[in-house]
1. Select, from Asp90, Asp5, Asp100, the only residue that is acidic (Asp, Glu) and in a loop (DSSP other than H, G, I, E, B).
2. Restricting the first residue to the stretch 111-129 and requiring it to be within 15 Å of Cys139 (Cβ to Cβ) and free of Cβ contacts under 8 Å to residues at least 40 places away in the same chain, which pairs with a second residue that is among the β-branched types (Val, Ile, Thr) and outside any loop (DSSP other than H, G, I, E, B) meet a Cβ separation below 9 Å and a spacing of at least six or different chains?
3. Pull up the stretch 97-148, narrow it to residues that are in contact with a Gly (Cβ under 9 Å, 6 or more places away or on another chain) and aromatic (Phe, Trp, Tyr), then point me to the one that is farthest from Ala187 (Cα to Cα).
4. Residue by residue through the stretch 18-38, note down the ones that are touching a helix residue (DSSP H, G or I) at 6+ places or on another chain (Cβ under 9 Å) and either surrounded by fewer than 15 Cβ atoms within 10 Å (Cβ to Cβ) or β-branched (Val, Ile, Thr) (or both).
5. Pull out all pairs, ordered by first then second residue, where Cβ-Cβ is under 8 Å, the residues are six or more apart or on different chains, the first lies in the stretch 184-196 and is exposed (fewer than 14 other Cβ atoms within 10 Å of the Cβ), and the second is in a helix (DSSP H, G or I).
6. Out of all the residues in the stretch 172-205, which are under 24 Å from Phe54 (Cβ atoms) and either outside any helix (DSSP H, G or I) or among the basic types (Lys, Arg) (or both)?
7. Considering only the stretch 25-69, state which residues are touching a residue at least 24 places away in the same chain (Cβ under 8 Å) and β-branched (Val, Ile, Thr).
8. Modelled with pLDDT of 85 or more and among the acidic types (Asp, Glu) - does that describe any residue in the stretch 173-193?
Amino acid sequence: MTTTDRRPLAALTLLWVAGLILSGWHPSDRATWWMEVAPVWIALPVLWWTHPRFPLTPLALGLIAAHGIVLMIGGAYSYARVPAGFVVQDWLHLARNPYDRVGHFAQGFVPAIVVRELLVRGGGIARGRLLAVLVLACCLAISAAYELIEFGAAMGLGQGADAFLGTQGDPWDTQWDMLTCLIGAAAALLLLTRVHDAQIARRGSRAAVYDQSRAARRQRS
């Protein structure tokens, strides 16, 4: 498999297309669905555009694929009404549907690996404490930006944005969302750093071989 092998990205695309069709077939609210799955529509062309020059590791690509499904499920039902969330709510005797927290945990868990890869492979940041701090800071910035987007939607749509916000009456929902994102990012660094480093090393060596072969072909031509 070369660094430009498109099979993993093609599999992600098929998975997302199927997920978009299923989640968007009859969502609880069409406007909410569009807002919740908007990151999927943005990420997919970006992944295809950057893949020839900067193919992500299988770990990063797999996490992105899973995160997209989380967004689609939330868009189909709205985060406060996801059936699996009600099951967990009853099981743990919670005051609210916790699927929104799952989404914000993923909002930290997945970007932590993607940002880490960008900083190590693209930015040349050495592995260590500084890298971890930068990753956590970037994930918090992403979370804050998303909360600002929700704020803009609430101001623009008024009561129509309630399903998108998913606050479920909690006045501290924004703070909890950002804290959950931070926990997710920290968990990703603690659990996946070794696996990620191994895949980055393999990706780097493959990229070097690929660049050498391209240079050789150019010289022959």
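1. On the way: Asp90 fails: in a loop (DSSP other than H, G, I, E, B); Asp100 fails: in a loop (DSSP other than H, G, I, E, B).
None of the other options fit; the residue is Asp5.
2. Between residues of the stretch 111-129 that are within 15 Å of Cys139 (Cβ to Cβ) and free of Cβ contacts under 8 Å to residues at least 40 places away in the same chain and residues that are among the β-branched types (Val, Ile, Thr) and outside any loop (DSSP other than H, G, I, E, B), the close pairs are Val115/Val135; Val115/Ile142; Leu119/Val135.
3. Tyr99
4. The first filter runs over the stretch 18-38 and keeps only residues touching a helix residue (DSSP H, G or I) at 6+ places or on another chain (Cβ under 9 Å), leaving 19-20, 22-38.
Result: Leu22, Trp25, His26, Ser28, Arg30, Ala31, Thr32, Trp34, Val37, Ala38.
5. Val195/Leu59
6. Hits for the stretch 172-205 are Arg194, Arg202, Arg203.
7. Of everything in the stretch 25-69, those that are touching a residue at least 24 places away in the same chain (Cβ under 8 Å) and β-branched (Val, Ile, Thr) turn out to be Thr32, Val37, Val40, Thr57, Ile64, Ile69.
8. Going through the stretch 173-193, the residues modelled with pLDDT of 85 or more turn out to be 175-193.
Subsequent filtering for residues that are among the acidic types (Asp, Glu) retains 177.
Yes, that holds for at least one residue.
The values are calculated or read from the model by the stated rules, or taken from the named source; none is laboratory data. From a predicted model like this one, the values you see are computed outputs, not experimental measurements. All Cβ positions, even for glycine, are placed from backbone atoms using ideal geometry, and neighbour counts span all protein chains on display.
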